[in-house]
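*Asks:* Before I ask anything, here is the structure I am working with.
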Amino acid sequence: MIGVDPGYHGRRHERLPVRIPARTVGVSGEQSAVVQDISESGAAIVTEDAIFSNDQFVELHMEGHERMTGRVVRKFAGGYALKFDEDAENQAKMAEEIEKFRKLAGSKAFLEG
């Protein structure tokens, strides 16, 4: 059996580096945030104070984009990683939103927020 590189995290989807102002909402409250990167399966959320804990359900709101839902899968210094819901409806919506991000990705204003 061939070993797996310990640095491999099993990412299924390309992460797009972005800087998008956002708002997150969950049982712990609501807060302003910035989406640091995003893919069809999740996003890195940067906040001053990560108020959400692992496994908490969170809604992610970004102006001009569909509301996305998911769960916190880990916290890191300055934020947390959000894994989007994997139901068919949410996955189809995410694929459409990611295509919008890809089209905007060349825009300097988009990447700078």
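*Asks:* Going through segment 48-78 one residue at a time, which ones are within 18 Å of Pro21 (Cβ to Cβ) and among the β-branched types (Val, Ile, Thr)?
*Replies:* Ile51, Val58 - these are the residues of segment 48-78 that are within 18 Å of Pro21 (Cβ to Cβ) and among the β-branched types (Val, Ile, Thr).
*Asks:* Return the pair list, or none, for Cβ contacts closer than 7 Å from residues in segment 31-45 that are closer than 19 Å to Ala95 by Cα and touching a residue at least 60 places away in the same chain (Cβ under 8 Å) to residues that are of a type outside the set (Asp, Glu) and assigned to a strand (DSSP E or B), at least 6 apart or on different chains.
*Replies:* What qualifies is Ile38/Leu16; Ile38/Val18.
*Asks:* Right, next: Out of the residues in segment 47-88 that are farther than 16 Å from Val27 by Cα and of a type in the set (A, V, I, L, M), state the one that is modelled with the highest pLDDT.
*Replies:* Here is the first cut: in segment 47-88, the ones farther than 16 Å from Val27 by Cα are 47-48, 62-67, 74-79, 81, 83-88.
Still in the list and also of a type in the set (A, V, I, L, M): 62, 77, 81, 88.
Values: Met62: 92, Ala77: 90, Ala81: 96, Ala88: 66.
For segment 47-88, the residue satisfying everything is Ala81.
The values are calculated or read from the model by the stated rules, or taken from the named source; none is laboratory data. All figures in this text were calculated on a predicted structure; none of them were measured in a lab. Because the Cβ atoms are built from the backbone with ideal geometry, glycine has one as well, and the counts that use them run over all protein chains shown.
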